[in-house]
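Working notes, structure below.
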Amino acid sequence: RIVFPNNGKQRRDWDQDATFCSGNRIQTTKYTRFTFFPKNLFEQFHRLANFYFLFLVVLNWFPQTEVFQREITMLPLIVVLLASMIKDAIEDCRKYHFDEVINSSKTRVYDK
């Protein structure tokens, strides 16, 4: 580790170089507030079962293949997607709060 205690020019050079390096913050969350819905839907439809239920919903919108009412066919897909979204949101929120605890904790630095 390099330490510049109030050393004018070297300190300015270090500050310029440090802007290109990443910090020590830990981030284990998958989503942000803006990317939660699209990313989660993308991940949900990678599961074959969800894609199958979506196929049944689309198929049921055609009058020739309609078996049940359209809303009833959509119900299992919506319930599964909502339950998975709620579970993922709770897990991601817990990860965010744990990251904040870790990132704001005090540490000791041992110099050689």
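The values are calculated or read from the model by the stated rules, or taken from the named source; none is laboratory data. Note that the coordinates shown come from a computational prediction; the quantities given were computed from them, not determined experimentally. Cβ: placed from backbone, ideal geometry, glycine included. Neighbour counts: every protein chain shown. Protein only, heavy atoms only, side chains kept; ligands, DNA and RNA dropped before computing areas. Shrake-Rupley method; radii C 1.70, N 1.55, O 1.52, S 1.80 Å.
Take the Cβ atoms of residue 94 and residue 39, set R0 to 25 Å, and the FRET efficiency comes out at 0.90. Potential lengthening of the chain between residue 25 and residue 55 amounts to 6.6 nm, from the contour at 0.36 nm per residue minus the alpha-carbon distance.
For the residues 30, 95, a 1.4 Å probe over the protein chains yields an accessible-area ranking, largest first, of 30, 95. Computed over protein heavy atoms with a 1.4 angstrom probe, the accessible surface ordering of 105, 84, largest first, is 105, 84.
Taking all protein chains as they are arranged and a probe of 1.4 Å, the heavy atoms of residue 77 leave approximately 20 Å² accessible to solvent. Each principal axis of the Cα cloud of the stretch 67-109 was evaluated for its coordinate range; sorted largest first, these ranges are 68, 10, 8 Å. Both the radius of gyration and Dmax for the stretch 30-104 are 16.6, 60 Å, in that order, over alpha-carbon atoms.
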